[in-house]
Amino acid sequence: METHNDFNLGPEEIRALERTYLFSTYKRSDLYCAHGEGAYVRDIAGRRYLDFLAGISVNSLGYNHPRIVGALRDQGGRLIHCSNLFYNPFQGLLAQKLAGLAGMERVFFTNSGAEAMEAALKIARAYGSARGQGEKSRILTLRNSFHGRTLGALSITTQEKYQAPFRPLIPDIGVVEALTPEALAGAFSDRVCALVVEPVQGEGGVFPMPADFMQAARELCDRHDALLVADEIQCGMGRTGKFFGFEHYGIRPDVVTMAKSLAAGYPLGAVLGNGRVAGSLGPGDHGTTFGGGPLACRVALEVLAVIEEEGLIRNVREMGDYLVEGLRALARNHPLMGEIRALGLMIGVELGAAARETVDRLLEKGVIANAAHETVLRLLPPFVITRKECDLFLETLDGVLGGIESEKPRPS
Ligand SMILES: Cc1ncc(COP(=O)(O)O)c(C=O)c1O
């Protein structure tokens with residue numbers, strides 16, 4: 001078999017190496033990625049797949065965007081890393097841009113989403129300890145949330161399957177059990193230093209926050225002198241049809257976390273804070289070797305320029321509407337399809353027990369998607385997606401669902 005990788009490994013060899021030498025943390029699908037182009041990725045045999053997952057909301061500009069490749073090549077040839085002991089020309093520029101977009105004052109750069117959450121948690125605890133003489137350390141999180149796998153981020157990720165093996169987690173975390181203002185008010189007290197919210201829960205199954213819940217979140221944080229932390233790691237950067245997910249709710253958080261598509265696949269995360277927290281981390285309070293390096297920041301500046309100059313957020317809104325319309329039309333013929341939830345190009349379709357099988361069969365037909373929370377078909381296509389590609393996706397999904405439905409007699 002012809003293989004498109006410099007090491008000339010076939011699927012069996014790739015699998016065998018991983019099985020032997022990697023911790024078995026990932027349940028991988030049978031796709032051996034070799035290179036990408038726009039909304040498509042090719043496997044090592046040269047087969048093309050339409051990607052409606054975009055590396056889990058990372059490859060938002062599509063694969064191999066020429067301006068991103070150009071920035072990587074150019075900066076890679078100049079300076080990849082210099083550590084945070086010294087200045088690089090791009091960190092301050094990127095911080096200025098992000099702060100301006102979010103209405104924030106300060107930025108700290110990390111290498112991943114989980115690390116951005118760790119920094120946010122430290123800001124929250126520092127804010128509380130400056131006010132509460134040790135009494136204001138409680139952090140509220142929502143049931144079904146996902147904030148990452150490091151111990152701090154995991155402590156506010158309230159999904160049993162992720163937390164169970166790693167207890168005890170960090171103390172003084174409160175869980176809001178329902179997305180209602182009443183449930184939120186019931187969990188609040190003056191001991192709370194922060195509430196952490198994904199404006200659209202992603203891993204939990206694509207749940208946009210209800211508007212009254214977000215408004216109550218802002219009010220309760222103000223009333224109890226607590227920070228509202230928006231985790232924009234998956235839903236930020238334009239994914240929902242506005243630059244930040246929180247913009248849909250007419251409120252502004254105090255702290256914002258970002259990562260995923262910030263540098264189009266080159267690892268970079270950030271935590272942003274407003275004036276309330278500008279003084280909460282001082283010299284020596286936090287740090288990282290890699291975070292905010294010149295290559296990552298230069299690429300992120302290019303990502304922001306491309307999003308703006310190519311009008312990509314408008315395309316997110318248009319293609320999001322187009323896909324939802326198409327999915328609603330499909331739902332009329334497919335009893336398997338349940339609720340469709342969407343904000344821009346962050347789309348979830350309830351498929352019950354058929355979600356996993358749908359994803360597997362889509363892959364067989366050359367389309368990449370994902371099952372979130374086991375029962376939800378999650379779609380996170382790149383912002384550059386076209387109508388034609390949406391049509392191809394809908395047509396393929398139509399065939400796959402038809403196949404599953406015809407094989408399984410409907411319950412009477
Ligand atoms: C909302 C949210 N927060 C945090 C994270 C963790 O980011 P990372 O995987 O880069 O650590 C993720 C990753 O899926 C996420 O979706």
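What follows draws every value from the coordinates through simple rules; no lab data is involved. Being a predicted model, the structure only gives us computed values, none of them experimental. Cβ atoms come from the backbone with ideal geometry, glycine included; neighbour counts cover every protein chain shown.
Could you compute the FRET efficiency for Arg19 and Ala211, with r as their C-beta to C-beta distance and R0 at 56 Å, rounded to 0.05? All intermediate terms of the calculation are to be shown ahead of the outcome.
Numbers: r = 47 Å, r/R0 = 0.85.
The pair Arg19/Ala211 has a calculated efficiency of 0.75.
Is it possible to state the helix-based mean residue ellipticity at 222 nm for the chain, with each DSSP H run of 4+ residues giving -39500 (n - 2.57), the sum divided by total residues, to the nearest 500 deg cm²/dmol? What is it?
That calculation yields -11500 deg cm²/dmol at 222 nm.
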**OP:** Sort the stretch 69-309 into rounded, prolate or oblate with this rule: let a ≥ b ≥ c be the square roots of the eigenvalues of the Cα gyration tensor; rounded if a/c is under 1.5, and if a/c is not under 1.5, prolate when a/b is larger than b/c, oblate otherwise.
**Re:** prolate
Original post:
Considering only DSSP states other than H, G, I, E and B, which trypsin sites (Lys or Arg not before Pro) in the stretch 35-85 qualify as loop sites with at most 14 other Cβ atoms within 10 Å?
Top reply: Arg47, Arg78
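Taking Cα atoms of the chain, Rg/Rh with Kirkwood Rh, to two decimals?
Using Cα coordinates only, the ratio equals 0.97.
Report, in listed order, any pair from Lys27/Lys242; Lys260/Lys408; Lys97/Lys260; Lys27/Lys365; Lys161/Lys260 with a Cα-Cα distance greater than 27 Å.
Values: Lys27/Lys242 33 Å; Lys260/Lys408 38 Å; Lys97/Lys260 17 Å; Lys27/Lys365 20 Å; Lys161/Lys260 23 Å.
The pairs that break the limit, which is 27 Å between Cα atoms, are Lys27/Lys242; Lys260/Lys408.
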**OP:** Output the relative contact order of the chain, whole-number percent, from Cα pairs under 8 angstrom with separation of 6+ residues.
**Re:** 20
**OP:** Round to the nearest 10 and give me the degree value, 0 to 90, for the angle of helix 387-407's Cα axis relative to the longest principal axis of the chain.
**Re:** 70
Subject >> Nonlocal amide H pairs with His147, under 5 Å, H built at 1.01 Å >> reply: Thr157
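Do you know the relative contact order of the stretch 69-309, to the nearest whole percent, from alpha carbon pairs under 8 angstrom that are 6+ apart?
On the way: 474 pairs, mean separation 70.3, N = 241.
Normalised by residue count, the contact order of the stretch 69-309 is 29 percent.
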Original post:
Sorted by packing (mean other beta-carbon atoms within 10 Å per residue), highest first, where do 290-302, 358-370, 26-38, 147-159 land?
Top reply: 290-302, 147-159, 358-370, 26-38
